[in-house]
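Any read-out appearing in this document is the output of simple, stated calculations on the displayed coordinates, not a laboratory observation. Predicted model only: the values in this text are computed from it and were never measured. Here the Cβ is made from the backbone with ideal geometry for all residues, glycine too, and neighbour counts use every protein chain on show.
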Amino acid sequence: MPFLANDFEISSAFGPSYYGVQDLPELEALSPPGDNSFAFVESEGSWYFYDALSITAPSSPTVIVPDAITPPDPGRWIQSSAGPPPPHSHVMTDISDLDASGVPYAPGVVGDWASVPTVVAEALDEAIKRRLNVVNTAVNYLATFSDGLIRVAAAGVVISLPASPGAGDVGRSIVVKRVHTGATSSVSGNGNTIDGSASRTLVSRYDAEVYTWTGSEWDVN
């Protein structure tokens with residue numbers, strides 16, 4: 001899709017990419033990018049992040065399905081936080097490029113791009129948190145949204161999902177997989193329900209489930 005005058009694309013050598021579009025139809029028309037990509041939609045004044053695993057039901061303007069995706073196939077743009085788009089493109093080769101002064105990037109610290117790097121840095125911070133992180137555990141474990149895949153390596157282990165997901169966590173997913181040969185393992189909603197229940201049981205070896213926060217409970221898909 002050709003970008004218009006106010007559109008932008010920021011490519012990153014270390015993972016995430018950033019796009020700017022005029023409205024939701026343009027967002028839908030984007031070819032599905034890699035996971036951890038972000039798009040700023042001018043008409044909504046919001047950032048959207050792309051979750052390649054999400055099968056959350058479409059709900060404009062918060063959950064957008066690309067034109068190339070046919071539900072229930074996974075892949076959703078999820079509305080994140082509001083903020084102004086950068087006024088021009090900038091190709092980043094490493095994290096320090098976020099600040100033209102060369103000051104190394106740190107969450108919440110911006111340099112000489114005035115307010116512009118704040119938005120980009122926040123999006124980068126979000127993308128780093130969402131990078132696939134594999135956790136192997138043989139003891140009870142409290143999951144975080146930085147855990148892309150949790151592999152349960154011992155019987156009787158309880159995986160507790162995050163207790164207090166925020167509004168910006170809607171559409172985020174955590175995968176839990178049982179890899180041991182012993183007795184069952186369980187996943188706790190930790191105060192929130194999972195498909196209406198307080199917990200789930202992984203009965204057989206290699207059972208795996210994806211838990212997606214919907215804003216009111218965890219959805220199993």
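The table below lists the values:
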quantity: Convex hull volume per residue in cubic angstrom - Cα atoms of region 134-220; calculated: 73
quantity: Relative packing of 199-206, 170-177, which averages over residues the other C-beta atoms within 10 Å, highest first; calculated: 170-177, 199-206
quantity: Ordering of 46-56, 148-158 by packing [mean C-beta count within 10 Å, highest first]; calculated: 46-56, 148-158
